[in-house]
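The values are calculated or read from the model by the stated rules, or taken from the named source; none is laboratory data. Predicted model, so just to flag it, every value in this text is computed and none were measured. Every residue, glycine as well, gets a Cβ built from its backbone with ideal geometry; the counts of neighbours run over all protein chains shown. Surface areas here come from the heavy atoms of the whole protein model, side chains and all, with no ligands, DNA or RNA. Shrake-Rupley method; radii C 1.70, N 1.55, O 1.52, S 1.80 Å.
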Amino acid sequence: MFYNGFERYSGILIDIYFDYFLAKDFNKYSTVALKQFSEQVYKVYQQAQALLPQSSSRFLDYVIKNNIYTSYSALAGIEQVLTHLSHRMSHGVRLQDSVKIFREQEVILQTNFDVFFKEAYQVFLK
């Protein structure tokens, strides 16, 4: 769906939009609220931050400061993440422009996510 116009980045886009579906409906997949889950994960990151390379540490600072996991639950948050990612890549590709395609294909993508997540969860349980 994203290949035309975002050839090299279509896999990244699918990953980010799947993150959106997971965050948006997090209560379907977890007994812990997304906000609480995010706060717990951010604490683990902060405790381990000294063990990480500086580039990873800076990225984690960005994730925590912008509360990325929670922001993924809104399309505006996804668009912001895609904008920041586009600037970091410096390839002139505006990943945030993929939101238009996403909106046109959201039902199909949601269906694909549901199938993927169900299968991934089944593998996890084995």
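Observations on the structure shown:
- Relative contact order computed over region 14-113 (Cα-Cα under 8 Å; 6+ residues apart), in percent: 31 percent
- Descending principal axes extents, region 68-126, alpha-carbon based, whole Å: 42, 24, 22
- For the chain, accessible area per residue (1.4 Å probe, heavy atoms of protein chains only), Å²: 66 Å²
- Cα gyration tensor category, rounded, prolate or oblate, for the chain with a/c compared to 1.5: oblate
- Dipole of the chain, positive end: most advanced residue of 33, 111, 56 [Cβ charges, Cα centre]: 56
- Solvent-accessible area, 1.4 Å probe, carbon plus sulfur percent, for the chain: 56 percent
- Charges were assigned to the Cβ only: +1 to each Lys and Arg, -1 to each Asp and Glu. The resulting dipole of region 11-66 about its Cα centre is roughly 140 debye.
- Helical segments meeting 30 Å axial Cα length and Kyte-Doolittle -0.5 threshold in the chain (DSSP H): 98-125
- Straight-distance candidates among the lysines for linking to residue 118, with alpha-carbon spacing under 19 Å and chain neighbours fewer than 8 residues away dropped: 24, 28, 126.
- Radius of gyration and Dmax over the Cα atoms of region 27-89, both given in Å: 12.9, 36
- Charge tally for residue 29 (other residues, Cβ to Cβ under 14 Å; Lys, Arg +1; Asp, Glu -1): -1.
- Remark: region 2-126 carries a charge dipole of roughly 280 debye about the Cα centre, counting +1 on each Lys and Arg Cβ and -1 on each Asp and Glu Cβ.
- For residue 100, the aspartates and glutamates whose Cα comes closer than 14 Å to its Cα, not counting residues fewer than 8 places off in the same chain, are 79.
- Net charge, residue 117 excluded, C-beta distance under 10 Å - Lys, Arg +1, Asp, Glu -1: -1
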